[in-house]
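Since the structure comes first, as structure tokens, the remarks are kept for the end.
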Amino acid sequence: MGVLNVTPDSFSDGGRYLRSEDAIERGARLAEEGADIVDVGGESTRPGSDPVSEQEELDRVAPVVEALAGRIEARISIDTYKPRVAEECLGLGATLVNDVTGLADAGMIRAAKERRAGVVIMHMRGEPKTMQQDVAYDDVVGDVRAFLDERARTARGAGIEEVIVDPGIGFGKTAAHNFEILRRLGELVSLGYPVLVGPSRKSFLGSLPSKLPSSERLEGTLAAVAVSVLNGAAIVRVHDVREAKRVVEVVDAVRSS
């Protein structure tokens, strides 16, 4: 899954693809580099970010989704927690909804069901503005697993056929929590749903002694990608598709040897 942020303030590439023309070209390039899914988002969900209006988000993403749907073979995912944004984009060619709130709004379940779309259910504490203020867990993997299990069962019970779960690396979690989730990923895989992991360029990779900024976290991202796939991840969400694709090919070869 390639990341396409049509935003001015995303933590890594904010502002680079805010113009629709730039975003469309970027999305096409991600597909050329090997992305099976291009994930289009119009609102930053980095820690401390402010929400944008429904209409502003739609204005950012709708032209991009529509153009890419007619241009690339890769699936298009809409990264949103707003049902109307999801519904509009599903009507324009997206086939997957990536919801950081874990389908908290019942309207999202209805939108996905009516459009026969797949969903990505992510775990997050609170909301992006405040999610790093409460990061205490008795057992982070156990808590995340229980949440994802309940939400996935709800989605399936509502008639959604394709359900993917995401532990929410970096969303209401410390660096130690994120590393533990990667190490114990098999416990989430055992739920029986495809697991998506999104470690790309995130701050926990800069918490190590090297203390690198987001622009210099490629190697750390690729290490996290390798660990995720070895431990059972079905999808990895990254900014650097070409490099991650090469890593995944090697890991797959090891797993199948």
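Quick check on my filter: what residues within the stretch 24-49 are outside any loop (DSSP other than H, G, I, E, B) and within 26 Å of Phe171 (Cα to Cα)? Write out each step before concluding.
Of all residues in the stretch 24-49, those outside any loop (DSSP other than H, G, I, E, B) come to 24-32, 37-41.
Across the stretch 24-49, the qualifying residues are Arg26, Gly27, Leu30, Ile37, Val38, Asp39, Val40, Gly41.
Within the set of pairs 6 or more residues apart or between chains, which connect a residue that is within 18 Å of Arg115 (Cβ to Cβ) inside the stretch 143-165 to a residue that is aromatic (Phe, Trp, Tyr) and not in a helix (DSSP H, G or I) with Cβ atoms less than 7 Å apart?
Final answer for the pair search is Val163/Tyr193; Ile164/Tyr193.
Where the second residue is buried (at least 23 other Cβ atoms within 10 Å of the Cβ) and the first is without any contact (Cβ under 8 Å) to a residue 24 or more places away in the chain and lies in the stretch 92-112, which pairs have Cβ atoms under 6 Å and are six or more apart or on separate chains?
The qualifying pairs are Val97/Ile78; Val97/Ala86; Val97/Ala112; Val97/Val119; Asp99/Tyr81; Asp99/Met108.
Within the stretch 210-223, count every residue that is outside any helix (DSSP H, G or I) and charged (D, E, K, R). Don't jump to the end; show me each part of the working.
Looking only at the stretch 210-223, we keep the residues that are outside any helix (DSSP H, G or I), and these are 210-213, 217.
Filter once more, so that each one left must be charged (D, E, K, R): 211, 217.
Total satisfying the criteria: 2.
Identify, please: which residue in the stretch 171-209 is assigned to a loop (DSSP other than H, G, I, E, B) and free of Cβ contacts under 8 Å to residues at least 12 places away in the same chain and is, among those, surrounded by the most Cβ atoms within 10 Å (Cβ to Cβ)? Spell out how you get there, then give the answer.
Kept after step one, since they are assigned to a loop (DSSP other than H, G, I, E, B), are these residues of the stretch 171-209: 171-174, 184-185, 190-194, 198-202, 207-209.
Pick out the ones that are also free of Cβ contacts under 8 Å to residues at least 12 places away in the same chain and you get 190, 192, 209.
Values: Ser190: 11, Gly192: 9, Pro209: 5.
Once the filter is applied, the top-ranked residue is Ser190.
Select, from Ser228, Ser190, Ser207, the only residue that is modelled with pLDDT under 95 and either touching a His at 6+ places or on another chain (Cβ under 7 Å) or polar (S, T, N, Q) (or both). Before the answer, list the steps.
Details: Ser228 fails: modelled with pLDDT under 95; Ser190 fails: modelled with pLDDT under 95.
So the residue among Ser228, Ser190, Ser207 that is modelled with pLDDT under 95 and either touching a His at 6+ places or on another chain (Cβ under 7 Å) or polar (S, T, N, Q) (or both) is Ser207.
Evaluate the stretch 53-76: report whether one residue or more is of a type in the set (S, T, N, Q) and in contact with a Lys or Arg (Cβ under 8 Å, 6 or more places away or on another chain). Steps first, please.
Going residue by residue through the stretch 53-76, those that are of a type in the set (S, T, N, Q) are 53, 55.
Adding the requirement that they be in contact with a Lys or Arg (Cβ under 8 Å, 6 or more places away or on another chain) leaves none.
Looking through the stretch 53-76, none of the residues is of a type in the set (S, T, N, Q) and in contact with a Lys or Arg (Cβ under 8 Å, 6 or more places away or on another chain).
The values are calculated or read from the model by the stated rules, or taken from the named source; none is laboratory data. Since the model is a prediction, treat every value here as computed from it, not as a measurement. Please note: Cβ atoms are built from the backbone with ideal geometry, for glycine as well, and neighbour counts cover all protein chains shown.
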